[in-house]
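The structure under discussion appears below in the form of structure tokens.
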Amino acid sequence: MFTPARYIVLDDEATELATLVDALHVLGAPCVGIRFDPLDLPKPAHFTGLRVLFSDLHLVKAQPAGVQHYNTLASLLDRCVPESHGPYLLVLWTSHEHERAALADRLEEILPASKRPIAVLALDKVQFRNGATWDAAGLREAIEARIASMPQLHALLNWERDVLAAANETLAIIGGLVPDDQRTIAQFPNALDRVLSLVAIASAGSANAQNDRKGAVTAALAPLLSDRISNRPQDADANALWEQAVTFPQGPELQPAQKARMNRMLHLALSQAEPVSRLDWGAIIPLGDAQLSDEAMNARFGVTADLLRDREFKLKQERRTEGQLIVVRAGAACDQAQSQSGPIPLLLGFLVPSTALSQNKRSPAIHVCDEKFELDGYQEPVSLLIHARFSTTTVAQDLQNWPAATLRLREQLLTTILVHVASHAMRPGTLRF
């Protein structure tokens, strides 16, 4: 229920910690104070929303000055900052520029790239406090000035703020569907239950909504949230900020590995992060040993797996054992949403390292997705091929005996594939003289 704090204050002295946290609270900053104790290190869960970390340089007073202090802070960041964190600033309390520079160099040296702050800034406590009293307004101006000096970070933080505002508006829309006469302490929970249930059923159909209630509600709310994010009110200051942040500099394009990572985020739902069922529209199901035997493949497709690799998908001879034959749950989205009876259509496909594909011409029935993907278990970007001529069906009960779905194609890419399959199936055969 509680969202992670975006601002964290780290200090080994409780009094220092409390006064700064109070000053940030005056600014309305959602921050948490963490007292550093080398025998009871901070919990990494506190850092999952980190955007600005205020830290004393000398977290262990008994340590001699210099590199040991830098190592202590670096070790803490390595332990607590998540691998998949967003950009964050490290604000160091020091009046000495050489200490800031030395710490920044040390972090660059020993921290993995995924854990490093986007910048290390220095602020002098003396400038913002008088005894135990902090100049909260002055501190805010100093922080904003530092962030404004990096318009790219400034723009991303503002975008994150807009997303949070859009999420709040989306919740308000859903709450607003509860009739006024039911907005009482006693009636509101049941009335909201009714609203969410109707939204889930409208999104995924009654049977599927009950199997994945969160997923069904999320599918309905996502377009509302997206609309609120895309249509935030614009002003001159925001437009000027984005003009500074996005300047289209000349330089190299994204590397293949970076493109593959972006395509993975854009077009694939992963079972580790999102529930993926074999029955989901666009689910990718690997063929297991039972389905890959020559007898099973001949009975289902009229061809063995080896011949598919060699003659249809056309791998390089020296790499013909690589990759994985899969099927994609196809059909109409509404049939899946409403759990319609009848055989489930499956498209035969292939996931394989892109460099393992030969340059030989393939049948027009094969759709080679332009997108390459980063996938676990592969050392290089992976291609997805779908064969329009090889498809099959099975019933839901039998499909439960197949391997679990590992991925799900998101709607944009899945629709592109379905258009290819439909176009190939509907091509006319015309007699001409």
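The values are calculated or read from the model by the stated rules, or taken from the named source; none is laboratory data. In this text the structure is predicted, and so the values were computed from the model without any measurement. Cβ: placed from backbone, ideal geometry, glycine included. Neighbour counts: every protein chain shown. When the accessible area is computed, the model is the full protein with side chains, heavy atoms only, and any ligands, DNA or RNA have been set aside. Shrake-Rupley method; radii C 1.70, N 1.55, O 1.52, S 1.80 Å.
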Arg183 being buried (at least 18 other Cβ atoms within 10 Å of the Cβ), out of contact with any strand residue (DSSP E or B) (no Cβ under 6 Å at 6 or more places or on another chain) and basic (Lys, Arg): no
Long-range neighbours under 6 Å by Cβ, at least six apart or interchain, first residue within 21 Å of Ile201 (Cα to Cα) within segment 219-231, second of a type in the set (Ser, Thr, Tyr) and in a helix (DSSP H, G or I): Ala219/Ser203; Ala220/Ser203; Leu221/Thr170; Leu224/Thr170; Leu225/Thr170
Of all residues making up segment 55-114, the number that are of a type in the set (Lys, Arg) and at positive phi: 0
Residue list for segment 88-106, restricted to those being open to solvent by less than 50 Å² (accessible area, probe 1.4 Å) and assigned to a loop (DSSP other than H, G, I, E, B): Tyr88, Thr94
Test: residue in segment 44-57 that is assigned to a strand (DSSP E or B), more than 29 Å from Gln152 (Cβ to Cβ) and either in contact with a strand residue (DSSP E or B) (Cβ under 7 Å, 6 or more places away or on another chain) or modelled with pLDDT of 90 or more (or both): no
Those residues of segment 406-433 which are open to solvent by less than 40 Å² (accessible area, probe 1.4 Å), in contact with a strand residue (DSSP E or B) (Cβ under 6 Å, 6 or more places away or on another chain) and not in a helix (DSSP H, G or I), in sequence order: Leu407
Qualifying position, being of a type in the set (Val, Ile, Thr) and in a helix (DSSP H, G or I), among Thr184, Thr170: Thr170
Test: residue in segment 300-308 that is touching an Asp or Glu at 6+ places or on another chain (Cβ under 6 Å) and closer than 23 Å to His424 by Cα: yes
Of all residues making up segment 391-412, the number that are in contact with an Asp or Glu (Cβ under 8 Å, 6 or more places away or on another chain) and either at pLDDT 95 or above or among the charged types (D, E, K, R) (or both): 1
Top-ranked residue of segment 278-292 - restricted to ones that are assigned to a helix (DSSP H, G or I) and in contact with a helix residue (DSSP H, G or I) (Cβ under 8 Å, 6 or more places away or on another chain), ranked as most open to solvent (accessible area, probe 1.4 Å): Ala290
Residue tally, condition in a helix (DSSP H, G or I) and crowded, with 18+ Cβ neighbours inside 10 Å, over segment 20-43: 4
Pairs where the first residue, in segment 390-416, is within 14 Å of Leu346 (Cα to Cα) and without any contact (Cβ under 8 Å) to a residue 60 or more places away in the chain and the second is among the β-branched types (Val, Ile, Thr) and crowded, with 17+ Cβ neighbours inside 10 Å, C-beta under 7 Å, 6+ apart: Thr393/Ile344; Thr394/Ile344; Val395/Ile344
Selection count, segment 107-119, where residues are crowded, with 18+ Cβ neighbours inside 10 Å and either touching a strand residue (DSSP E or B) at 6+ places or on another chain (Cβ under 8 Å) or over 18 Å from Val52 (Cα atoms) (or both): 2
Answer from Leu384, Leu348 - the residue that is modelled with pLDDT of 95 or more and more than 17 Å from Gly288 (Cα to Cα): Leu384
Subset of segment 44-73 that is without any contact (Cβ under 8 Å) to a residue 40 or more places away in the chain and either β-branched (Val, Ile, Thr) or touching a Lys or Arg at 6+ places or on another chain (Cβ under 6 Å) (or both) - its residue that is most open to solvent (accessible area, probe 1.4 Å): Val67
Qualifying positions in segment 262-277 - touching a residue at least 60 places away in the same chain (Cβ under 8 Å), under 25 Å from Lys372 (Cβ atoms) and part of a loop (DSSP other than H, G, I, E, B): Ser271, Glu274, Val276
Residue match in segment 221-236 (condition: modelled with pLDDT under 90, among the charged types (D, E, K, R) and open to solvent by 90 Å² or more (accessible area, probe 1.4 Å)): no
Residue that is modelled with the lowest pLDDT [pool: residues in segment 126-152 that are out of contact with any helix residue (DSSP H, G or I) (no Cβ under 6 Å at 6 or more places or on another chain) and surrounded by 15 or more Cβ atoms within 10 Å (Cβ to Cβ)]: Arg129
Residue selected from segment 1-19 under the condition in contact with a Lys or Arg (Cβ under 6 Å, 6 or more places away or on another chain) and buried (at least 19 other Cβ atoms within 10 Å of the Cβ), by the criterion nearest to Cys80 (Cα to Cα): Arg6
